[in-house]
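A.B. asks: Supplied in structure tokens, the structure appears directly below.
The values are calculated or read from the model by the stated rules, or taken from the named source; none is laboratory data. Everything numeric here is computed off the predicted structure, so don't read it as measured data. Note: ideal-geometry Cβ built from the backbone for every residue, glycine included; neighbour counts use all protein chains shown. For the accessible areas, the whole protein counts, side chains as well, though only heavy atoms, and no ligand, DNA or RNA atoms are used. Shrake-Rupley method; radii C 1.70, N 1.55, O 1.52, S 1.80 Å.
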Amino acid sequence: MIHFPIALFMVSFAFDLLALWRRHRNLATAAYYNLIAAAVATLPAVATGLLAWQWQYGGKRLRGNLRLHLILGLISSAMIWLVWWMHFRQRRKPGQRFTAAYLAVEVVAVAVITLTGHLGGILSGVEAPTA
């Protein structure tokens, strides 16, 4: 469940880049629908993360990497919704190309989501921290 919004957003980003490069509106449309799915998928991802915190830690104050992962996860979700909203607004203007602000927010979102996922991998034991 956690990986769906990540994958959908990254594919959306790839479609946006291809749409810019190829100047093909259908790729931007594919990016938009991936963004919708990614944004909606963040809702259960955040909910299950918060439930896991309550269940496993009894709602105790998180510290260190766990707190950082929670904060970055919430920021990632908000950024996915922000990118969707920006894309939604641009779709309403026919012939409008992506703005520099849109692409900048999208790149920052990719970086934050990547960092969040990496930290989640370390916390789950999938990735070993580097020394």
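A.B. asks: Give segment 108-125 a look and list any residue that's modelled with pLDDT of 90 or more, hydrophobic (A, V, I, L, M, F, W, C) and surrounded by 13 or more Cβ atoms within 10 Å (Cβ to Cβ), or say none.
C.D. replies: Listed by number, the residues that qualify are 108, 109, 110, 112, 113, 115.
A.B. asks: While we're here: Would you check which residues across segment 80-106 are without any contact (Cβ under 8 Å) to a residue 12 or more places away in the chain and assigned to a helix (DSSP H, G or I) and list them?
C.D. replies: 85, 89, 100, 104
A.B. asks: Of the residues 37, 100, 104, which single one is surrounded by 14 or more Cβ atoms within 10 Å (Cβ to Cβ) and under 24 Å from residue 13 (Cα atoms)?
C.D. replies: Working: 100 fails: surrounded by 14 or more Cβ atoms within 10 Å (Cβ to Cβ); 104 fails: surrounded by 14 or more Cβ atoms within 10 Å (Cβ to Cβ).
The unique qualifying residue is 37.
A.B. asks: Do we have residue 29 as closer than 22 Å to residue 121 by Cβ and of a type in the set (Ser, Thr, Tyr) here?
C.D. replies: no
A.B. asks: Could you grab the pairs with beta carbons closer than 7 Å, sequence gap of 6+ or different chains, first residue in segment 35-56 and closer than 27 Å to residue 86 by Cβ, second one assigned to a helix (DSSP H, G or I) and open to solvent by 50 Å² or more (accessible area, probe 1.4 Å)?
C.D. replies: Going by the 7 Å Cβ cut-off, the qualifying pairs are 35/84; 36/84; 39/81; 39/84; 41/4; 46/74.
A.B. asks: Could you check segment 6-23 and list, in sequence order, the residues that are of a type in the set (A, V, I, L, M) and either within 11 Å of the chain's Cα centre (by Cα) or open to solvent by 60 Å² or more (accessible area, probe 1.4 Å) (or both)?
C.D. replies: Initial filter on segment 6-23 (of a type in the set (A, V, I, L, M)): 6-8, 10-11, 14, 17-20.
Correct list: 6, 7, 8, 10, 11, 17, 18.
A.B. asks: Which of the residues spanning segment 40-52 are surrounded by 15 or more Cβ atoms within 10 Å (Cβ to Cβ) and modelled with pLDDT of 90 or more?
C.D. replies: The answer is 40, 41, 42, 45, 46.
A.B. asks: Additional query: Any idea which residue in segment 71-92 is least open to solvent (accessible area, probe 1.4 Å), counting only those that are farther than 16 Å from residue 110 by Cα and in contact with a helix residue (DSSP H, G or I) (Cβ under 7 Å, 6 or more places away or on another chain)?
C.D. replies: For segment 71-92, the residue satisfying everything is 90.
A.B. asks: Further question: If you check residue 26 against the conditions, is it under 19 Å from the mean Cα position of the chain (by Cα) and polar (S, T, N, Q)?
C.D. replies: no
A.B. asks: Which one of the conditions (1) loosely packed, with under 13 Cβ neighbours inside 10 Å; (2) touching a helix residue (DSSP H, G or I) at 6+ places or on another chain (Cβ under 9 Å); (3) part of a helix (DSSP H, G or I) does residue 60 fail to meet, given that it meets all the rest?
C.D. replies: Among (1) loosely packed, with under 13 Cβ neighbours inside 10 Å; (2) touching a helix residue (DSSP H, G or I) at 6+ places or on another chain (Cβ under 9 Å); (3) part of a helix (DSSP H, G or I), the lone unmet condition for residue 60 is (3).
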